[in-house]
Amino acid sequence: MNILVTGGTGYIASHTAVKLLAAGHQLVLVDNLANSNIAVLDRIALLSGQKPHFYQADIGNYAALSAIFTAHQIDAVIHFAGLKAVGESAQKPLHYYRENVAGSLQLLEVMQEFAVKSLIFSSSATVYGDPRELPLTEQSPIQPQSVYGRTKWMVEQIIADHCSADPSFSAVCLRYFNPVGAHPSGLMGEDPNGIPNNLLPFISQVAIGRREQLSVFGNDYPTADGTGVRDYIHVQDLAEGHRLALKLTNNPGCHRFNLGTGSGVSVLEMVDAFRAVSGHPVPLIICPRRTGDVAACYADAAKAQHELGWQAQLNLTDMVADTWRWQHLNPQGYQTPPAKLKEKL
Ligand code: NAD
Ligand code: UD1
């Protein structure tokens with residue numbers, strides 16, 4: 001298929017791109033580089049042997065989008081583009097609604113204009129908010145607790161309404177749990193700007209000596225060791241989920257799937273796994289809970305297994321080992337000079 005990938009140089013999209021190129025799809029990537037580095041394109045080319053078309057453009061820009069749809073015959077769109085920092089979304093709600101909601105609306109309108117009828121959308125487990133019952137199924141109550149979470153739920157609703165109005169349109173909303181890990185080659189991974197908000201990038205920067213210690217946000221939750229429990233999912237498994245979701249492109253309607261492993265891992269379990277794999281110490285201090293955090297969150301991913309034939313294959317050790325390899329080989333992320341990387345490889 002000819003697939004347009006929005007947010008194409010981002011963390012999850014870049015791993016998905018390599019997987020889709022290997023499966024024989026043709027890709028057009030679009031990204032405004034708000035949260036990614038152009039160097040990702042060389043890494044994609046290195047891993048896949050192909051350099052996909054790339055446009056530096058904003059999905060909110062009608063002229064740019066329609067020029068891309070005019071230049072390429074697009075069969076399906078995988079829509080990753082968006083902003084994802086929960087704290088920032090509370091400080092800049094209008095910016096988040098503009099980028100995530102209005103941007104998605106613009107994309108859908110251009111797809112309609114060019115009669116492109118298949119969409120895969122990056123949603124998030126954050127739409128469930130504070131779970132009443134675990135594990136979370138696709139039928140669990142929706143109650144997003146942040147501006148970011150509300151943008152994801154709004155876009156899901158817009159997509160569902162569009163599917164109702166156009167019975168030939170097919171959409172798949174993938175609700176990712178906590179994406180972590182990196183490409184097993186060590187050539188691609190997550191490269192957050194500034195101080196990481198998320199647990200695994202923070203731990204790996206502590207282990208490599210870029211940060212002094214991890215702040216554990218609360219050890220008084222009603223969980224086995226008192227720290228927060230999450231369903232971490234390897235980015236390579238997520239990438240495979242997108243490949244399989246393309247099966248539904250000829251199946252009109254709005255489909256929703258949880259993509260998680262179904263197992264919860266606590267903060268302290270993650271720290272232990274990282275110490276074991278890296279052989280490095282991970283100093284930590286216990287701090288108060290972080291506002292907005294929930295005690296535990298993990299998926300029931302049975303629907304994805306039954307309907308897509310998808311199941312997470314990679315375990316916690318794989319997630320940590322691949323993150324560590326990426327961190328170790330690319331101490332400055334994508335700014336690591338290619339010559340240095342070659343030496344290490
Ligand atoms: P990312 O920031 O690495 O990738 C998003 C990409 O979109 C970036 O390259 C960014 O430059 C680009 N972008 C942002 N706004 C854009 C715009 N208006 N026009 C064009 N490009 C734009 O994030 P990611 O972790 O790869 O996440 C991808 C998607 O998955 C996002 O929609 C995110 O909300 C969603 N998601 C992520 C997680 C997670 O923890 N990483 C969890 C659930 C859902
Ligand atoms: C966060 C977002 C969520 C988003 C997800 C993936 C919040 C409230 N939620 O989820 O919307 O979909 O990232 O991008 O921000 N932790 C520490 N110390 C740290 C960092 C994290 O103890 O320095 C703990 C947290 O309290 C939590 C666990 O580690 O228990 C995981 O945190 P994180 O990686 O930020 O993911 P979520 O909070 O699940």
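Nearest 500 deg cm²/dmol is fine: what mean residue ellipticity at 222 nm does the chain get from its DSSP H runs of n ≥ 4 alone, each adding -39,500 (n - 2.57), divided by its residue count? The partial results should precede the final answer.
Details: 13 runs with 131 residues, N = 345.
One gets -11000 deg cm²/dmol as the mean residue ellipticity at 222 nm.
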Whole-number accessible area per residue in Å² for region 1-160, which is evaluated in the context of all protein chains at 1.4 Å:
42
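So, by mean Cβ neighbours within 10 angstrom, what's the order for 77-89, 239-251 with the highest one leading? Could you put the intermediate results ahead of the total?
On the way: 77-89: 22.0, 239-251: 18.8.
Output ranking for 77-89, 239-251: 77-89, 239-251.
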Identify the residues of region 55-76 with backbone N under 11 Å of a label point that sits 7 angstrom from the Cα of ILE158 along the Cα-to-Cβ direction, or state none.
60
Using 0.36 nm times the number of residues separating ALA34 and SER263, minus their current alpha carbon distance, what extension gain do you get?
79.2 nm
Can you pull the one-decimal nm distance between simple spin-label points at TYR62 and ALA23, each 7 Å off the Cα toward Cβ?
3.4
Span from the region 32-98 Cα centroid across to the region 255-302 one, whole angstrom
28
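Listed here are the pairs LYS51/LYS84; LYS51/LYS303; LYS92/LYS117; which of them are more than 30 Å apart at the Cα?
Too far apart for the 30 Å limit: LYS51/LYS303; LYS92/LYS117.
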Quick one: which of 98-106, 283-291, 192-200 comes out on top by average Cβ neighbours within 10 Å, and what's the full order, highest first?
98-106, 192-200, 283-291
Efficiency by 1/(1 + (r/R0)^6): what FRET value for LEU244 and ASN2, r their Cβ-Cβ distance, R0 = 25 Å, to the nearest 0.05?
0.85
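Can you bin region 1-125 into rounded, prolate or oblate? Criterion: square roots of the alpha carbon gyration tensor eigenvalues sorted a ≥ b ≥ c, rounded for a/c under 1.5, prolate for a/b above b/c, oblate for the rest. Write out the running numbers ahead of the final one.
On the way: a/c = 1.83, a/b = 1.23, b/c = 1.48.
Oblate, because a/c is 1.5 or more while a/b does not exceed b/c.
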Karplus (6.51, -1.76, 1.60) ³J(HN,Hα), θ = phi - 60°, over region 62-78, in Hz, Gly and Pro reported as x:
4, 4, 5, 5, 5, 5, 5, 5, 6, 6, 10, 7, 9, 8, 8, 10, 10
For helix 267-278, what angle does its Cα long axis make with the longest principal axis of the chain, in degrees from 0 to 90 and rounded to 10?
80
Sequence-distant or interchain residues sharing an amide H contact under 5 Å with ALA299, placed H: which?
LEU136, THR261, GLY262, SER263
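Please give the peptides 129-137, 8-16, 169-177 ranked by average Cβ packing (other Cβ atoms within 10 Å per residue), highest first, as a rough proxy for protection.
Working: 129-137: 15.9, 8-16: 26.4, 169-177: 23.6.
Sorting 129-137, 8-16, 169-177 by mean packing, highest first, produces 8-16, 169-177, 129-137.
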If you plug each phi of region 322-334 into the Karplus form 6.51 cos²θ - 1.76 cosθ + 1.60 with θ = phi - 60°, what whole-Hz ³J(HN,Hα) values come out, in order, with x for Gly and Pro?
6, 4, 5, 4, 4, 5, 5, 7, 10, x, 9, x, 6
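Which percent of the accessible area of the chain is formed by carbon and sulfur heavy atoms (probe 1.4 angstrom)? Write down the numbers at each step before the final one.
Details: 7420 of 14880 Å².
Looking at the chain in its full context, I get 50 percent from C and S.
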When a/c is below 1.5 the answer is rounded, else prolate if a/b is larger than b/c, else oblate, so apply that to the chain with a ≥ b ≥ c taken from the square roots of the Cα gyration tensor eigenvalues.
oblate
Applying the Karplus parametrisation 6.51 cos²θ - 1.76 cosθ + 1.60 with θ = phi - 60° to the phi angles of region 246-259, what ³J(HN,Hα) value in whole Hz is obtained for each residue in order, glycine and proline being reported as x?
4, 4, 8, 5, 9, 10, x, x, 10, 10, 10, 9, 7, 10
Please list the non-local residues whose amide H lies under 5 Å from the amide H of MET188, H modeled 1.01 Å from N, same-chain partners needing a gap of 5 or more.
HIS183
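The values are calculated or read from the model by the stated rules, or taken from the named source; none is laboratory data. These figures come from a predicted structure and were not determined experimentally. Note: ideal-geometry Cβ built from the backbone for every residue, glycine included; neighbour counts use all protein chains shown. The area values use the complete protein model at the heavy-atom level, side chains included, leaving out ligands, DNA and RNA. Shrake-Rupley method; radii C 1.70, N 1.55, O 1.52, S 1.80 Å.
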